[in-house]
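**Student:** Just passing along the structure, written as structure tokens.
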Amino acid sequence: MAQGIKMKNNNEITKRRTSGIISHPDAGKTTLTEKLLLFGGAIQTAGAVKNNKIKKTATSDFMEIEKQRGISVATSVMGFEYADYTINILDTPGHKDFTEDTYRTLTAVDSVILVIDCVKGVEEQTRRLMEVCRMRHTPVIIFINKMDREGRNPFDLLDELEEELKINVTPMSWPVGMGPAFQGVFNLEKQNLQLFRPAKTGLPEDVVEIGSLKDENLREMIGDRHTLQLTEDVELINSVYEPLNPELYQDGYLAPVFFGSALNNFGVRELLETFVKIAPSPAPRKTQIREVKPAESTFSGFIFKIHANLDPNHRNRIAFCRICSGKFERNKFYYHTRLNKKMRFTNPTRFMANQKQKTEEAWPGDVVGLYDSGNFKIGDTLTEGEELYYQGIPNFSPEIFRELENKDPFKSKQLEKGIRQLTDEGVAQLFTQQPGNRKIIGTVGELQFEVIQFRLLNEYGASCSFTPLNYYKACWMTSNNEAAMKKIIRVKGRHIAYDKSGQPVFFAESPWILQTTKESYPEIEFHLSTEFNVKSNTTNIGSYA
Ligand code: G4P
């Protein structure tokens, strides 16, 4: 019996590909996701995937933002079948103010597809997101989109990717012409040419086998000028770029690059085919005591995202759980390790195509949505009884800091509860300073302050205001030298607060102050993320509070 479970389990694991899709806003992430689903047969027509974009104009309109975020619940995880594979695509908000959401989503994936706009090249968000991928050694496939537009020279784009994203690249396909003169892409591995036919729907089957670049048919199809250019380009590619080494890709050192046009379904199939072939299936994951293998028979998983339900009549939230091992089953009791509590889920959902569906079971690599009335915070682990904490759901230094002020003294309890729950959901980070229980809220974007103010009032009846604080970064401090830690806390107390786990955090007003403080306190280590925290961000390591 046990053997039987294991065999099925293995199969369910190796067929899974769980990948995040990231880009700077407008590069074409939503369009590409939709086309991937279209190729997988999960949706019938283009246009069925709602745009998960938080529009720039929404800054002053909170309800609009929430509406857009509401749409993003349904589309933030999309499962579909392609060939023998079960693919889970985790969408990420491109908007800068939700970068933390994206960082956390990246902890739940096994690989990433990065979309680049061929006109704009590497943009600000691309850089930030790739830093996180590099830190985690996440395998990355790059899709250079919008080749139907007059973009940059493809060799320049590859150089820019290598320089700016600090990753080696190798082209898998190569564009012939560009913009109005775009002819198609040449598959460097299969040595065939896919001719470009602009199409908003339908699947292109227009692949021409050419055998070699000297094939007469090639000249006929793309003309002398393009044939010559392609021949020269391919020669250069062969002399400069190594062929794809799947191991280097899987270790996060080498990114295969595809060219195409998502809007025109172009180059998407090739991307998908290579993706299922080389992207890793769920791998073992670290906990505070041991590595957990996906094929283990007992279930375990962690919460990487919590989304507040928008319906004011139903206070529950959806916690997104990434399954790491075993089989998840509806109605079975699981163990919430932080709360030391058994929990059962009667309505777990999976996200197939662009719809939420009740699910009876799920496997490693899958994401299930669990309805929650306030038990979960980001980073929580569920098991079948073992005392495990999954690692590596870090907090990053916020970039905007404000002091939270209570506007209604009769509602201070509600404010306290509200701000704790909202920060458990990951809306922002909360730091507390003593004496006086001063609350400092840190975020990466302005939008979060609007969200907090609105939700505190509407969900908890607490009104608040914010006073801007002129800080540049928050650095978590650790040290083996207790006396040194006590000293900095005494001397710099005005700029030190504690995160929710009691870890001391130094607020630096400028890069220069951070540097001089580091030099003055060599025994203290300053960290810009909680990645140093070996157990879990939910666990209190060496509290000085
Ligand atoms: P995002 O999720 O990364 O933010 O980008 P999204 O897919 O929403 O695409 C941004 C814009 O780029 C959209 O146009 C989309 O149609 C367009 N686009 C995507 N892929 C291609 C492509 O291959 N070629 C060209 N020329 N355009 C592409 P929009 O006008 O902002 O929105 P819409 O009105 O078309 O929805």
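**Student:** Got a sec to turn the phi values of the stretch 360-369 into Karplus ³J(HN,Hα) couplings, 6.51 cos²θ - 1.76 cosθ + 1.60 with θ = phi - 60°, whole Hz, x for Gly and Pro?
**Tutor:** These are the phi-based 3J(HN,Hα) values: 8, 8, 8, 10, x, x, 6, 10, 10, x Hz.
**Student:** With r as the distance between the Cβ atoms of HIS336 and ASP251 and R0 = 35 Å, compute the FRET efficiency 1/(1 + (r/R0)^6) and round to 0.05.
**Tutor:** Efficiency for this residue pair is about 0.55.
**Student:** Let me ask something additional. Quick one: which residues, 5+ away or cross-chain, put their amide H under 5 Å from the amide H of TYR472? H built at 1.01 Å from N.
**Tutor:** Here ALA508, GLU509, SER510 satisfy the definition.
**Student:** Let me ask another. Taking amide H positions as placed 1.01 Å from N in the peptide plane, with prolines and chain starts having none, which residues 5 or more places from GLY374, or on another chain, fall under 5 Å of its amide H?
**Tutor:** ARG317
**Student:** Here's something else I'd like to know. Give the residues of the stretch 479-512 whose amide nitrogen is closer than 11 Å to a point set 7 Å from the Cα of ASN470 in the direction of its Cβ.
**Tutor:** Answer for this model: 509-510.
**Student:** Which is farthest toward the positive dipole end of the stretch 396-543 among PHE396, TYR471, ALA497, measuring Cα position about the Cα centre, with Cβ charges +1 (Lys, Arg) and -1 (Asp, Glu)?
**Tutor:** Of the candidates, ALA497 comes out farthest on the positive side.
**Student:** What does the charge dipole of the stretch 285-383 about its Cα centre add up to, to the nearest 20 debye, if the Cβ of each Lys and Arg holds +1 and the Cβ of each Asp and Glu holds -1?
**Tutor:** Value, rounded to 20: 200 debye.
**Student:** Here's another thing I want to ask about it. Lys and Arg at +1, Asp and Glu at -1: add these up for the other residues within a Cβ distance under 10 Å of GLU403 and post the number.
**Tutor:** +2
**Student:** Which of the pairs LYS341/LYS439; LYS29/LYS286; LYS293/LYS500; LYS327/LYS356 have their Cα atoms more than 23 Å apart in this structure?
**Tutor:** Over 23 Å Cα-Cα: LYS341/LYS439; LYS29/LYS286; LYS293/LYS500.
**Student:** Ignoring ligands and nucleic acids, what accessible area does LYS407 show with a 1.4 Å probe (Å², nearest 10)?
**Tutor:** Per-residue accessible area (LYS407): approximately 130 Å².
**Student:** Another one. Given a 1.4 Å probe and the protein chains all in place, what does the accessible area of GLU361 round to, in Å² to the nearest 10?
**Tutor:** Only protein atoms counted, so the area is about 60 Å².
**Student:** Can you tell me the Rg and Dmax of the stretch 396-543, counting just the alpha carbons, in angstroms?
**Tutor:** In Å, with Rg to one decimal and Dmax whole: 15.5, 46.
**Student:** Could you give the accessible area per residue of the stretch 396-543, probe 1.4 Å, as a whole number in Å²?
**Tutor:** 46 Å²
**Student:** Using a 1.4 angstrom probe and counting only protein chains, how large is the accessible area of ILE289 in Å², to 10?
**Tutor:** Accessible area, nearest 10 Å²: 110 Å².
**Student:** Would you be so kind as to identify which of PHE526, ILE440, ALA428 lies farthest towards the positive end of the dipole of the stretch 396-543, taking Lys and Arg as +1 and Asp and Glu as -1 on Cβ and the Cα centre as origin?
**Tutor:** ILE440
**Student:** Here's another thing I want to ask about it. What residue among PRO284, SER239, VAL268 has its Cα farthest toward the positive end of the dipole of the stretch 208-285, where the charges are +1 on Lys, Arg and -1 on Asp, Glu, each on the Cβ?
**Tutor:** Value computed over the given set: PRO284.
**Student:** Assuming R0 = 56 Å, what is the FRET efficiency of ASP156 and LYS417, from their Cβ-Cβ distance, to the nearest 0.05?
**Tutor:** 0.55
**Student:** Here is a follow-up. Evaluate the charge dipole of the stretch 396-543 about its Cα centre and quote only its size in Debye, nearest 20, assuming +1 on the Cβ of each Lys and Arg and -1 on the Cβ of each Asp and Glu.
**Tutor:** It works out to roughly 480 debye.
**Student:** On to the next question. At a threshold of 8 angstrom on Cα-Cα distance, excluding pairs fewer than six apart, so keeping six or more, what relative contact order does the stretch 328-433 reach in percent?
**Tutor:** Contact order relative to length: 23 percent.
**Student:** Step through the residues of the stretch 184-197 one at a time and calculate ³J(HN,Hα) from phi using the Karplus curve (6.51 cos²θ - 1.76 cosθ + 1.60, θ = phi - 60°), rounding each to whole Hz and writing x for Gly and Pro.
**Tutor:** x, 10, 9, 7, 5, 7, 7, 6, 10, 10, 9, 7, 7, 10
The values are calculated or read from the model by the stated rules, or taken from the named source; none is laboratory data. Predicted model, so just to flag it, every value in this text is computed and none were measured. Because the Cβ atoms are built from the backbone with ideal geometry, glycine has one as well, and the counts that use them run over all protein chains shown. Quick note on the areas: whole protein, heavy atoms, side chains included, nothing else; ligands and nucleic acids left out. Shrake-Rupley method; radii C 1.70, N 1.55, O 1.52, S 1.80 Å.
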